[in-house]
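The values are calculated or read from the model by the stated rules, or taken from the named source; none is laboratory data. Keep in mind it's a predicted model, so treat the numbers as computed, not measured. All Cβ positions, even for glycine, are placed from backbone atoms using ideal geometry, and neighbour counts span all protein chains on display.
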Amino acid sequence: MHSSRRLLLLPLLGVVFGIGGCGDLPGIGAGRKEVLQTPAPGTQAVQVIDVTDDIARRLLAERRKPSFADTLGQASASEPVIGAGDSVEVNLWEAPPAALFGTAIDPRAPATVRSTVIPEQTVDREGYISVPFIGQVQVAGKSPRQVDAEIVQRLHGKANDPVSIVRVLRNSSDFVTIVGEVTNNMRMPLTAGGERLLDAYAAAGGARQPIGKLTLQVTRGDVVSSMPLESVIRDPKQNVPLRAGDVVTALFQPLSFTALGATSKNDEVTFETQGITLAQALARSGGLVDLRSDAQGVFIFRFEQANALDWPHQPVATTPDGQVPVVYRVNLRDPHSFFAIQSFAINDKDILYVSTAPVAELQKFLNVVFSVTYPVLNAVSVSR
């Protein structure tokens, strides 16, 4: 009977081993050897790069963008000027005895001088307003003090020691536009106080999205610069002065990476616009599964710009849009790698993949063997 059991078992084991040899065992993806194997001739060569502290620093330097302080500067805007469409008011004084503005004397107190207020005017498209006794005055592009000086100069010889004060009642030309993911899209007038970037953000009622998911973009003429909102809040130097015509846009940019393989959580994981490191990405994906993961097989799949690094495979194969497919490899059995992953930045749309350990594949194989052989052996035992 024992010989019959062996004869029955051998074909079954042959089938099971055949399944294992054909790679038909269930799995979560490629193993470390499959990821690192040399590509076949004529196929697209994927660049495989070991993550080191030097590689992490070079990538970080390559992706660093100029800050607001670098591109927009810290210089405050010059004194606000009057523009077409602004509403202005002109106040005129004349020393007694008033020869031109006779109504400037207070009849109840002849020694008291009152101002003559010229009603509110809107600066026309050509930039002019009208002032009695001197006619049209060009005000667009000039500060109120410059207009005061011109009015006094043109009244010289007509009025007795005149004084002029011009006030801007409604500013329709010197403003900043705030749009995007803010409570109120608006135009914020600029004042002589010199508003800054966060002043505009606050004037618009703040954000409609979490601060960590927002990017601020400032457009000034042909210059477009952007930074995470959190970075602007944390670094006072980035809260730059605004200038007339600036457009501030709050952009909602939910960044994410995908965790696959032998991690505790296979999922798309979002992260803040300030960015996270590979160490943080591993933690947010639940870390490696002890009984399944290969600590030497942690990979990041990414498309890089062609000038990002010196590529080991030459000539460099690129995608139609000029990007290079790259696999970054991390060996967590090397203690030095724990320092490198703290400065290796994760990019939007990265794929973090942890391969299965070879011993886990063996365990799967044995489970298949036992699941097939145990029922057979039990059946033979019953038949006896």
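Numbers at a glance
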{"item": "Test for Asp348: is it surrounded by 15 or more Cβ atoms within 10 Å (Cβ to Cβ), acidic (Asp, Glu) and either touching a strand residue (DSSP E or B) at 6+ places or on another chain (Cβ under 8 Å) or part of a helix (DSSP H, G or I) (or both)", "result": "no"}
{"item": "Wholly within the stretch 109-200, strands (runs of 3 or more DSSP E) carrying at least 1 residues that are under 29 Å from Pro241 (Cβ atoms) and at pLDDT 90 or above", "result": "116-122, 128-131, 135-138, 163-170, 175-180, 186-189"}
{"item": "Some residue of the stretch 270-280 being within 19 Å of Val182 (Cβ to Cβ), touching a strand residue (DSSP E or B) at 6+ places or on another chain (Cβ under 8 Å) and not assigned by TED's automatic domain parsing to the domain that holds Thr191", "result": "yes"}
{"item": "Some residue of the stretch 305-322 being within 16 Å of Ile351 (Cα to Cα) and part of a strand (DSSP E or B)", "result": "no"}
{"item": "Index of the failed condition, Leu332 passing every other in (1) in a loop (DSSP other than H, G, I, E, B); (2) within 27 Å of Lys213 (Cα to Cα)", "result": "(2)"}
{"item": "Matching option when the condition is out of contact with any Asp or Glu (no Cβ under 9 Å at 6 or more places or on another chain) and either assigned by TED's automatic domain parsing to the domain that holds Pro96 or closer than 15 Å to Ala84 by Cβ (or both), among Gln153, Gln138", "result": "Gln153"}
{"item": "Restricting the stretch 191-215 to residues that are in contact (Cβ under 8 Å) with a residue 60 or more places away in the chain and either within 28 Å of Val81 (Cα to Cα) or assigned by TED's automatic domain parsing to the domain that holds Ser143 (or both), the residue that is surrounded by the most Cβ atoms within 10 Å (Cβ to Cβ)", "result": "Leu197"}
{"item": "Which numbered condition Asp348 fails, given (1) farther than 30 Å from Val232 by Cα; (2) at pLDDT 85 or above", "result": "(1)"}
{"item": "Flag if Leu288 is assigned by TED's automatic domain parsing to the domain that holds Ala192 and surrounded by 17 or more Cβ atoms within 10 Å (Cβ to Cβ)", "result": "no"}
{"item": "Residues of the stretch 73-88 classified as at pLDDT 85 or above and under 30 Å from the mean Cα position of the chain (by Cα), total", "result": "1"}
